[in-house]
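Q: This is the structure, below, for whatever I ask next.
The values are calculated or read from the model by the stated rules, or taken from the named source; none is laboratory data. Since the structure is predicted, the reported quantities are computational estimates derived from the model, not experimental observations. FYI the Cβ positions are ideal-geometry reconstructions off the backbone, even for glycines, and counts take in every protein chain you see.
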Amino acid sequence: MLTAAHVFKLEHRLLNYYKLTRRQLAVLAASVEAQNFQETADRCGITPKTARCHLSNVYRRLGVKSRFGCYRKIEELFDLCS
């Protein structure tokens, strides 16, 4: 199961290769353990609309179209780095 720890273990690659911002990385990590945008937003202290915007930018930078695709990409990257 994917956790926020997986995301943070890939921090260097996500920040440097995929050019995510630190805020996008934090929202991505929160979203992994949240059920929806509202919960993600609550964990990050932002609005759900802002959470959705950050995640949309993350998806674009990772070359995926959905939350599911994003999580699969993170799992693949984690498996490659392990």
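Q: Please name all residue pairs, on different chains or six or more residues apart, with Cβ atoms under 6 Å, provided the first residue is in the stretch 5-29 and is under 18 Å from Arg67 (Cα atoms) and the second residue is small (Gly, Ala, Ser) and in a helix (DSSP H, G or I).
A: Hits for this filter: Val7/Ala29; Val27/Ala51; Ala29/Ala4.
Q: Got a sec? Which helices (runs of 4 or more DSSP H) wholly within the stretch 1-64 have at least 3 residues that are at pLDDT 95 or above and in contact with a helix residue (DSSP H, G or I) (Cβ under 8 Å, 6 or more places away or on another chain)? Talk me through it step by step, then tell me what you get.
A: Working: elements: 4-9, 11-16, 22-33, 37-44, 48-62.
Ranges flagged: 22-33, 37-44, 48-62.
Q: If Phe68 meets every condition in (1) of a type in the set (A, V, I, L, M, F, W, C); (2) buried (at least 16 other Cβ atoms within 10 Å of the Cβ); (3) out of contact with any Phe, Trp or Tyr (no Cβ under 8 Å at 6 or more places or on another chain) apart from one, which number is that one?
A: (2)
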